[in-house]
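Written below as C-alpha cells is the structure these notes are about.
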Amino acid sequence: MYRTFLYDEQGEPVVVQLDLRNEFLKKAYEKVMEEVEDYLDAQEAMARDDNDTIPWEEVKAGLYSESGDQ
C-alpha cells in the first residue's frame, strides 16, 4: 500500500502517511510541501508590521558588500 490514514475519535482523517519510494507520491509530496512553505512564508510576511521592513537600498547595499561586487 502506498498510503496510510490515521483518524481521530470522531472518525475524521487527521494524518496521511505516504510511501515516498513511489515516484508519483514523492513528486506530489514535494509539490505540496513547496505550496505549504509558500503559504507559511506569506502568513509570516502578512503578520509583520511596517516597522519590520528593510528598505531595498539597504538590502542591496548589504548584498553588494557581502559579494564584493558593485
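Here are the numbers:
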{"quantity": "Global geometry of the chain, whether rounded, prolate or oblate, following the gyration tensor of its Cα atoms and the 1.5 cut on a/c", "calculated": "oblate"}
{"quantity": "Length gained when the stretch residue 15-residue 36 is fully extended (0.36 nm per residue, less Cα-Cα span)", "calculated": "6.0 nm"}
{"quantity": "Where trypsin sites (Lys or Arg not before Pro) fall in DSSP loop in the stretch 9-42, at most 15 other Cβ within 10 Å", "calculated": "21"}
{"quantity": "Length released on extending from residue 23 to residue 63, taking residue separation times 0.36 nm less the Cα-Cα span", "calculated": "10.6 nm"}
{"quantity": "Contact order normalised by residue count of the chain, Cα under 8 Å, 6+ apart, percent", "calculated": "15 percent"}
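Laboratory data are not the source of any read-out in this text; all were calculated from the coordinates shown. Note that the structure is predicted; figures quoted are calculated from it, not measured. Positions of Cβ are backbone-derived with ideal geometry, glycine not excepted, and every protein chain shown enters the neighbour counts.
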